[in-house]
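Notes to accompany the following structure.
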Amino acid sequence: MVTVPDDRQLIRDAKNGDIPSFETLVRRHHRTLYRFALGITHGDEQEAADILQEGLVKAFLNIGRFEERSSFSSWLWRIIRNEFLDRLRRERIETVPLEEGEGPAGGAPQDTPESDLVNEERRRALLRLVAALPEKYSEIVILVELMELSYEDAADYLGIPVGSVRSRLSRARERLTGLVEKNMELFGADPRHTG
């Protein structure tokens, strides 16, 4: 009977330059990681695949730095998350703001290319604000709000109690609300309607 090596053995082999061991590790965690990438990109399959691929390349190049203080999947998760946040920061520099009045002029929402563009800009603006939160808050928003994990699954993933997930999410929402209120111009909202 062939014994299947556990993650620790595969990690040791990968650190010694064994590419098949790294590939085996990636295959074991690929579905969860892709689901995570898909969650943080709001279902954009191409962007999720790009982020995942870039993250895995960085993981392979830096496997020697993995100190095994967390699980391998958590380490990969952080690399992919950082790749996503790096892209958002680059987009913040490259994004050209919409001209005033380009969005729909009120009334019922219209499914037009223009409104789709406005909604996409608002989504990206919100993701940039999530990225601006401290790590412990941004990761909880990503897991619970974007990936729609249960509190229990998020707690298991982060290795923290469920109560900590609840309290972090509450604080994260408070901070995010404050950031949104300070940056209403990013959402094309009329400041008179902010409380």
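The values are calculated or read from the model by the stated rules, or taken from the named source; none is laboratory data. Note that the coordinates shown come from a computational prediction; the quantities given were computed from them, not determined experimentally. When we count neighbours, we look across all protein chains shown, and the Cβ atoms used for this are built from the backbone with ideal geometry, even at glycine.
Looking only at segment 135-152, count how many residues are surrounded by 15 or more Cβ atoms within 10 Å (Cβ to Cβ) and either assigned to a helix (DSSP H, G or I) or among the basic types (Lys, Arg) (or both).
The number of residues fulfilling the criteria is 11.
Could you please find all residues in segment 157-172 being within 17 Å of the chain's Cα centre (by Cα) and free of Cβ contacts under 8 Å to residues at least 60 places away in the same chain?
Correct list: 165, 168, 169, 172.
Go through (1) more than 13 Å from the chain's Cα centre (by Cα); (2) under 30 Å from residue 18 (Cβ atoms); (3) modelled with pLDDT under 85; (4) surrounded by 13 or more Cβ atoms within 10 Å (Cβ to Cβ) one by one and return the number of the condition residue 121 breaks.
With (1) more than 13 Å from the chain's Cα centre (by Cα); (2) under 30 Å from residue 18 (Cβ atoms); (3) modelled with pLDDT under 85; (4) surrounded by 13 or more Cβ atoms within 10 Å (Cβ to Cβ) applied to residue 121, the lone miss is (2).
Counting only residues that are surrounded by 13 or more Cβ atoms within 10 Å (Cβ to Cβ) and farther than 19 Å from residue 69 by Cβ, how many does segment 1-21 have?
4
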